[in-house]
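Contents: one structure, followed by commentary.
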Amino acid sequence: MIFFLLAIVAYAILSSPMFAIGKVVVEGNRTLTVPEICRLAEIQAPVNIFTVDTGAIKNRLEHDLRIEKVSVRRIFPAELLIKVQERQPMAVIKADYGYVDISENGYILHAYNSLPNAKYPMITGIIVNDKYIGDKLSTPALDKVMQFFSDLSASSLARISEINIANPAAIMAYTNDGIQIKLGNIASPLEAARQTNEFFHDILKIKKPIQYVDFSCPFPVFKFK
């Protein structure tokens, strides 16, 4: 009987408004706002820090296309910390209805009727048919290109305007200033990215205008204009 009474008292105390979360702290979000994340997580104030289901919050958020990973934990006495890793657009591809942004792992994140402002490299030589937001794109050549992009430094990626995969054995990238980068079949995306990073670093020392650099050969080959 005493144990039962103690359990009731403990439940009443833990359910008290004094244990309501003072604030929800979100870290790692770049495009999603805190109110949006709270809505997706179905968090409504006041929330009791002892009764909130952190596993359910994590599952709800990770079901959203825009979110890659989530961690949720309580920080006593009155805080819920949500860390999110958003999927970020990395390239643009022509679709049968317009254009789409795709993430590093090939998910379509956004769709447009007309070409948006060029924030990311354009992947040409492929047209997306009957694919929409939330769908995953995957071909051997596209997968290699996306891995190549993810292995590039941010500054190198920003200098690439287009990459053509019409011929998977002769993939060609173009810089913002018109230099061609011949990548072959990108047998090793990591190695291709390393060479490209070095090229963009060393290009500042090269005085002659470059027409193309060929990384499909055993050693890089430069062609000057």
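The values are calculated or read from the model by the stated rules, or taken from the named source; none is laboratory data. Quantities reported herein were computed from a predicted structural model and do not represent experimental measurements. Cβ sites come from the backbone with ideal geometry, for glycine too, and all protein chains shown count toward neighbours. For the accessible areas, the whole protein counts, side chains as well, though only heavy atoms, and no ligand, DNA or RNA atoms are used. Shrake-Rupley method; radii C 1.70, N 1.55, O 1.52, S 1.80 Å.
What to note about this one:
- Leading residue by the ranking (most open to solvent (accessible area, probe 1.4 Å)) among those in the range 178-188 that are touching a residue at least 24 places away in the same chain (Cβ under 8 Å) and in a loop (DSSP other than H, G, I, E, B): 185
- The residues of the range 149-172 that are within 25 Å of residue 225 (Cβ to Cβ), buried (at least 17 other Cβ atoms within 10 Å of the Cβ) and in contact (Cβ under 8 Å) with a residue 24 or more places away in the chain, listed by number, are 152, 156, 157, 159, 160, 162, 163, 164, 171.
- Qualifying residue in the range 92-107 (condition: in contact (Cβ under 8 Å) with a residue 40 or more places away in the chain, acidic (Asp, Glu) and assigned to a strand (DSSP E or B)): no
- Test for residue 81: is it over 27 Å from residue 174 (Cβ atoms) and modelled with pLDDT under 95: yes
- Pairs with Cβ under 7 Å, 6+ apart, first in the range 134-148 and aromatic (Phe, Trp, Tyr), second assigned to a loop (DSSP other than H, G, I, E, B): 148/186
- Enumeration of residues in the range 117-134 that are touching a strand residue (DSSP E or B) at 6+ places or on another chain (Cβ under 9 Å), on the phi < 0 side of the Ramachandran plot and surrounded by fewer than 15 Cβ atoms within 10 Å (Cβ to Cβ): 118, 119, 127, 129, 132, 133
- Residue 175 being among the hydroxyl-bearing types (Ser, Thr, Tyr), modelled with pLDDT of 95 or more, over 22 Å from residue 222 (Cβ atoms) and surrounded by 15 or more Cβ atoms within 10 Å (Cβ to Cβ): no
- Listed by first and then second residue, the pairs linking a residue in the range 114-125 that is closer than 19 Å to residue 153 by Cβ and without any contact (Cβ under 8 Å) to a residue 60 or more places away in the chain to a residue that is aromatic (Phe, Trp, Tyr) and open to solvent by less than 40 Å² (accessible area, probe 1.4 Å), with Cβ atoms under 8 Å apart and 6 or more places separating them unless they lie on different chains, are 121/149.
- Among the numbered conditions (1) surrounded by fewer than 18 Cβ atoms within 10 Å (Cβ to Cβ); (2) in a helix (DSSP H, G or I), the only one that residue 144 does not meet is (1).
- Residues of the range 52-80 satisfying the condition of being more than 12 Å from residue 37 (Cβ to Cβ) and assigned to a strand (DSSP E or B): 68, 69, 71, 73, 74, 75, 79
- Yes/no for residue 192 being in contact with a Leu (Cβ under 8 Å, 6 or more places away or on another chain) and either under 26 Å from residue 101 (Cβ atoms) or open to solvent by 60 Å² or more (accessible area, probe 1.4 Å) (or both): yes
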